[in-house]
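The values are calculated or read from the model by the stated rules, or taken from the named source; none is laboratory data. None of these values were measured; they are calculated from a predicted model. Positions of Cβ are generated from backbone atoms using ideal geometry, with glycine treated the same way; all protein chains shown enter the neighbour counts. Ligands, DNA and RNA are stripped out before the accessible areas are found, and what is left, the full protein with its side chains, is counted by its heavy atoms. Shrake-Rupley method; radii C 1.70, N 1.55, O 1.52, S 1.80 Å.
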Amino acid sequence: MGFFITFEGIEASGKTTQINLLYDYLKSIGKNVIKTREPGGTKIGQKIREILLSKWDEKFPYIAELLLYEADRNIHIHNIIKPSLEADYIVLSDRYIDSTTAYQHYARGIDYEIVSYLNTLATDRLKPNLTFLIDIPAQISLKRLSKTKDRIESEDIEFHKKLREGFLKIAENEKDRFVVIDGTMDIMEIHKIIVDTLKQRKII
Ligand SMILES: Nc1ncnc2c1ncn2[C@@H]1O[C@H](COP(=O)(O)OP(=O)(O)OP(=O)(O)O)[C@@H](O)[C@H]1O
Ligand SMILES: [Mg+2]
């Protein structure tokens, strides 16, 4: 079995930046590694991502949104994550179950039990071995975001505050799985903390 690492955090916290740096580093030391993302880690998922991130002039209920994220996730684990872990790869995923708990439960207000049950169903109980939560204040997120905002990024500051607090609560409840990093630090400082964590835990 390989090793499953996820990156979580609010928009523009630096997830993609850090995944790319870690991916290049792991490749450079000869590791079998893949990077993937949610939503949209598969061809079918890419279609679901387009639906989720587009602006619509019809009702897009929160439950429909939740179910689409979970459908994307289920397709993702069966096509990418599980086969890669079985082939002994280190899998780096840009968002996973914790994003759904943070957005759909803590920010949108859907019952925790429903979100948790659907996360379990969609993943076949596959949890990450390790999760990096890159934490930044909502104001910094909004400052870093470009002017062309997608549907989710256009939510207001209160939404992003709830989201950030949600991620921190999730991490607090699963301290063994999470490493919380201050995302306002320098990009290369954060990268070093991530690499050092993998070394300390004898993952590399
Ligand atoms: N530690 C950092 N300090 C300052 N700027 C940063 C830092 N990390 C990333 N950035 C910048 O912030 C922006 C968002 O970074 P990135 O795309 O990695 O975030 P993300 O978490 O993947 O965002 P999204 O949720 O929108 O995909 C980029 O312009 C990036 O260069
Ligand atoms: Mg990103």
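Considering helices alone, the calculated mean residue ellipticity of the chain at 222 nm is -14500 deg cm²/dmol, with DSSP H runs of length four and up weighted by -39500 (n - 2.57) and normalised per residue.
The magnitude of the dipole of the chain, with charges of +1 and -1 set on the Cβ of Lys/Arg and Asp/Glu and taken from the Cα centre, is near 500 debye. Rolling a 1.4 angstrom probe over region 69-185 with all protein chains present gives an accessible area of which 48% lies on carbon and sulfur atoms. Of the residues ALA71, HIS160, GLY14, the one whose Cα sits farthest towards the positive end of the charge dipole of the chain is GLY14 (charges of +1 on Lys and Arg Cβ, -1 on Asp and Glu Cβ, taken about the Cα centre). Checking a compactness column here: for the chain, what do you get for Rg(Cα) / (2.2 N^0.38 Å), N being the number of residues? After normalising by residue count via 2.2 N^0.38 Å, the value is 0.98. Between SER54 and ASP186, the simple spin-label model (points 7 angstrom out along Cα→Cβ) gives 4.4 nm. Our estimate of slack between ILE193 and THR16, defined as 0.36 nm per intervening residue step minus the Cα-Cα distance, is 62.1 nm. Sort region 67-149 into rounded, prolate or oblate with this rule: let a ≥ b ≥ c be the square roots of the eigenvalues of the Cα gyration tensor; rounded if a/c is under 1.5, and if a/c is not under 1.5, prolate when a/b is larger than b/c, oblate otherwise. Because a/c hits 1.5 or more and a/b fails to exceed b/c, region 67-149 counts as oblate.
Using a cutoff of 8 angstrom between alpha carbon atoms and counting only pairs six or more residues apart, the relative contact order for the chain works out to 33 percent. Close amide H pairs (under 5 Å, H built 1.01 Å from N) link GLY40 with ARG49, residues at least 5 positions away or on another chain.
Amide H contacts under 5 Å for VAL33: ILE90, restricted to partners 5 or more places along the chain or on a different chain, H placed in the peptide plane at 1.01 Å from N. Counting 0.36 nm for each residue step from ARG144 to ASP124 and taking away their Cα separation leaves a gain of 3.7 nm. Looking at region 32-117, the pairs of alpha carbons with a distance over 20 Å make up 37% of the total.
Packing order of peptides 172-178, 135-141, 90-96, 121-127, highest average first: 90-96, 135-141, 121-127, 172-178 (average count of other Cβ atoms within 10 Å over each peptide's residues).
Using Cβ point charges alone (K and R +1, D and E -1), the dipole size of region 65-137 about the Cα centre works out to roughly 40 debye. The residue list ILE136, LEU92, ILE29 was ranked by how far each Cα lies along the charge dipole of region 3-200 toward its positive end, using unit charges on Cβ atoms, and ILE29 comes out on top. Amide hydrogen proximity for VAL180: with H placed 1.01 Å from N in the peptide plane, the residues at 5 or more positions away or on another chain lying under 5 Å are LEU133.
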